[in-house]
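Below is one structure; the comments refer to it alone.
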Amino acid sequence: MSVDSARGNHVVGQAATRQTPTAAASAAAPLLKSLKYGLLGTLMPLAFVAIWWAAVAAGFFPRSVLPSPFAVGAAMFDWAFGDPARGGYSGTLLAAIGASGQRVIMGYGIAMILGVAIGVPTGASKLLGALVDPFIHLLRPIPVTAWVPLSLVFFGFGFKGAVFLVALGSFFPIVVNTIEGVRGANRSLIKVGRMLGARGFRLLWFFILPASLPSIFVGLRLGMGISWVLIIVAEMMSVKSGIGYTLLDAYSFGRFDVVIAAMITLGLMGFLSDRIILAIEAVVLRWHRETSIHAEP
Amino acid sequence: MQNPDVIVSCEGLDRTFVTKDAGENKVLQDINLQIRKGEFVVLIGPSGCGKSTLLNIIAGFDQPTSGLAAIAGEQIEGPGPDKAMVFQDYALLPWLNARENVEIGLRMKGVASAERTQQAMHVLGLVGLSEAAERPVYRLSGGMQQRVSIARALALKPKVLLMDEPFGALDAFQRAIMHKELVRIWRATGATIVFVTHSLEEAVFLGERVVAMTPKAVGLTGELIIDMPRPRDPLSPEFAALKRKLYEMLTAHLPADVDLFAD
Ligand SMILES: Nc1ncnc2c1ncn2[C@@H]1O[C@H](COP(=O)(O)OP(=O)(O)OP(=O)(O)O)[C@@H](O)[C@H]1O
Ligand SMILES: [Mg+2]
């Protein structure tokens, strides 16, 4: 009650002193709003860390298995900035991120190029669809982890095998969403393309591909998520570097602070790469956002 | 030898759709139609009489079951920029702005970039959209979007401009404005236009020649030459008389109590 009236007074006072809103004020309003929503997003992670800390402090779990958030923070700091000369995990974070990131980018890049290049013609042509579609849907249910033995045989331990697994895993969501995107593309846009004289590749490139981009981006996001899952699988099974390797190695030494630090790093990497895709999507698919149901009136 | 002035020519055209549930549907039967260069022809008839079917055949999107359809003496093989269609739903590419939407057809023709922009700006000027050239099309009003669609078709310098109820989605005011604009553009460019509608008013206002179609009929139902001078006043008695004449032509074969054009 008193809070409400105080706020009411404040608004009245503001309106009285500032009769014409300045450009700065109108620009600050959406910034404040997004700041508010940004802060809202940090609420649950903070609460989670607090509960975690309390649970450890209360002695619910042995510290050797679940270290406190501060211990994990310290391990993370040492992993990131420690002197490599000290051995162990000190100062090797960047190298681990680099190793995993490189494999993800390679594998994901291959999946993206192949997924779109195969998906667009497969979706556009009935004949190709009948030829390729059943094969893709037969391969897709095989868990990518089941490919590990064959991958080891063909690509051995190391970079190539990891790239293969990442590429294979992220290929399926990308290709399937590309095919569906093309099939769902507005028919009249394809009619327009043919009327304007586009045939074959140019019809695909200038008309069908842009029309199916909204669906392709769904596949790209799903594929990126799977990439980070598979790089860890690959690094745990067959590669001797990277975040996944560090995680498994730390586990074998009972260093749960490093295990959790590696988990957090993975979470952040996945989050970050998703945000990058979203940022690209925001530019490329502006037309789609503004014509979809999410558009602000 | 064919008259070189004839742009669109249909001879003994049939189109029968065969569907599982409805069986054979003879939509077009023995259609004969010649359209000369520079003519503004309106196809009118009630819903389902096959106007879009005929237009789609001329555009190359569909093939006749039998008979001949030709553009400038050559049998129609498929869609292409020589027979440009203006769609009822505009069908603009939402990822391009207004100018780029007009340019893309020129690009497919292989016109160089600078030349493209110049030609696109010229036709956008013709439809009164110079100011909106750089705006994304989804932010334009329906009437403006349809102007972009007309500009895109005009930029192709087509042998014939095909319009299938292009102003159906516009309100009465915008439609009246577009009617005047279209007549102006037609006079400025000398384009050959085939315009599909089921509005008597639209037909009499726009057409030089109105061709009437009726569902299930063999051949075209009739033809009315509109020799009323332009600008035509839709409120004049002359205009009303022409509408009546057209109405009677379309309803001649119907029992007296059926009103085809009752709203
Ligand atoms: N692809 C198709 N398959 C089967 N039947 C069709 C097809 N296209 C059109 N028809 C049928 O042909 C008939 C004429 O359709 P058309 O679209 O040409 O009519 P229209 O005169 O343009 O009508 P409207 O004024 O409502 O647009 C209709 O009975 C329709 O059901
Ligand atoms: Mg129609």
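The values are calculated or read from the model by the stated rules, or taken from the named source; none is laboratory data. None of these values were measured; they are calculated from a predicted model. As a convention, Cβ positions derive from the backbone with ideal geometry for all residues, glycine included, and neighbour counts pool all protein chains shown. Surface accessibility is based on the protein's heavy atoms, side chains included, excluding ligands, DNA and RNA. Shrake-Rupley method; radii C 1.70, N 1.55, O 1.52, S 1.80 Å.
Heads up, I need the accessible area for A:S212: 1.4 angstrom probe, whole protein in place, Å², nearest 10.
0
Round to the nearest 0.05 the FRET efficiency obtained for A:M44 and B:R184 when R0 = 60 Å and r is the Cβ-Cβ distance.
The computed FRET efficiency comes out at 0.45.
What order do you get for B:224-233, A:110-119, A:70-79 when each peptide is scored by the mean count of other beta carbon atoms within 10 Å, highest first?
A:110-119, A:70-79, B:224-233
Kindly state, to the nearest 0.05, the FRET efficiency for A:L139 paired with B:S66, given R0 = 60 Å and r defined as their beta-carbon distance.
Given R0 = 60 Å and the Cβ-Cβ separation, E is 0.80.
With just the Cα atoms of chain B, tell me how far they stretch along each of the three principal axes, in Å, largest first.
Largest first, chain B extends 58, 43, 43 Å along its Cα principal axes.
How long is region A:69-290 along each principal axis, judged by its Cα atoms, biggest number first, in Å?
Between the extreme Cα coordinates on each principal axis of region A:69-290 lie 69, 42, 23 Å.
Compute log10 of I(q)/I(0) for region B:91-157 with the Debye formula, placing one identical point scatterer on every Cα and leaving out solvent, at q = 0.21 Å⁻¹, to two decimals.
So the normalised log intensities work out to -0.72.
Efficiency by 1/(1 + (r/R0)^6): what FRET value for B:V218 and B:A240, r their Cβ-Cβ distance, R0 = 35 Å, to the nearest 0.05?
Values: r = 31 Å, r/R0 = 0.88.
Given R0 = 35 Å and the Cβ-Cβ separation, E is 0.70.
Using θ = phi - 60° and the Karplus form 6.51 cos²θ - 1.76 cosθ + 1.60, what ³J(HN,Hα) does each residue of region B:29-43 get, whole Hz, x for Gly and Pro?
For region B:29-43, the Karplus-derived couplings read 10, 6, 8, 10, 8, 10, 10, 8, 4, x, 6, 10, 9, 10, 9 Hz, x marking Gly and Pro.
Which length gain, in nm to one decimal place, applies between B:V6 and B:L254 when the Cα-Cα distance is subtracted from 0.36 nm times their residue separation?
Length difference between fully extended and current span is 86.0 nm.
When N is the residue count of the protein assembly as shown, what does its C-alpha Rg come to as a fraction of 2.2 N^0.38 Å?
1.35
Pick out the long, greasy-scoring helices in chain A: whole DSSP H runs spanning 30 Å or more along their own axis by Cα, mean Kyte-Doolittle at least -0.5.
A:23-57, A:93-124, A:159-183, A:209-237, A:256-284
For the protein assembly as shown, what does the accessible surface come to per residue with a 1.4 Å probe? Please give it in Å².
With the other protein chains kept in place, the protein assembly as shown gives 52 Å² per residue.
Give me the inter-chain shielding for A:182-195: mean count of other chain Cβ atoms within 10 Å, whole number please.
Across A:182-195, the average partner-chain Cβ count within 10 Å equals 5.
Please give the average number of partner chain Cβ atoms lying within 10 Å of the Cβ of each residue in A:204-211, rounded to a whole number.
Per-residue shielding by partner chains comes out at 2.
By the scheme Lys and Arg +1, Asp and Glu -1, what is the net charge of all other residues having a beta-carbon under 13 Å from that of B:D5?
In short, +2.
I'd like the interface area for chains A and B: accessible area of each alone minus the complex, both sides summed, 1.4 Å probe, protein heavy atoms only. What is it in Å² to the nearest 100?
What A and B bury together is about 2000 Å².
Between A:P141, A:P84, A:P69, which gets the highest mean-square fluctuation from a Gaussian network model of chain A, Cα cutoff 10 Å?
A:P141
Give the average, rounded to an integer, of partner chain Cβ atoms located within 10 angstrom of each Cβ in A:156-167.
Working: counts 0, 0, 0, 0, 0, 0, 0, 0, 0, 0, 0, 0.
If you average over the peptide's residues, the count of other-chain Cβ atoms is 0.
Of the listed pairs B:K51/B:K243; B:K26/B:K83; B:K26/B:K180, which have alpha-carbon separations greater than 27 Å here?
Details: B:K51/B:K243 19 Å; B:K26/B:K83 25 Å; B:K26/B:K180 36 Å.
The pairs that break the limit, which is 27 Å between Cα atoms, are B:K26/B:K180.
Ignoring ligands, DNA and RNA, what percent of the 1.4 Å accessible area of the protein assembly as shown is carbon and sulfur?
Numbers: 18770 of 29350 Å².
Looking at the protein assembly as shown in its full context, I get 64 percent from C and S.
Testing the spin-label approximation: label points 7 Å from Cα along Cα→Cβ at B:A169 and A:L189. State their distance in nm.
1.4
Using helices alone, what [θ] at 222 nm do you get for the protein assembly as shown, with -39,500 (n - 2.57) per DSSP H run of 4 or more residues, divided over all residues and rounded to the nearest 500?
Numbers: 20 runs with 319 residues, N = 560.
Counting only the DSSP helices, I get -19000 deg cm²/dmol.
Highest mean first, how do A:129-139, B:169-179 rank when packing is the count of other Cβ atoms within 10 Å averaged over residues?
Values: A:129-139: 12.6, B:169-179: 14.9.
Listed from highest to lowest mean packing, they are B:169-179, A:129-139.
I'd like the GluC sites (Glu not before Pro) in region A:219-297 restricted to DSSP loop residues with at most 14 other Cβ atoms within 10 Å, sorted by number.
Details: sites: A:E235, A:E281, A:E290; in loops: none.
Filter output for region A:219-297: empty list.
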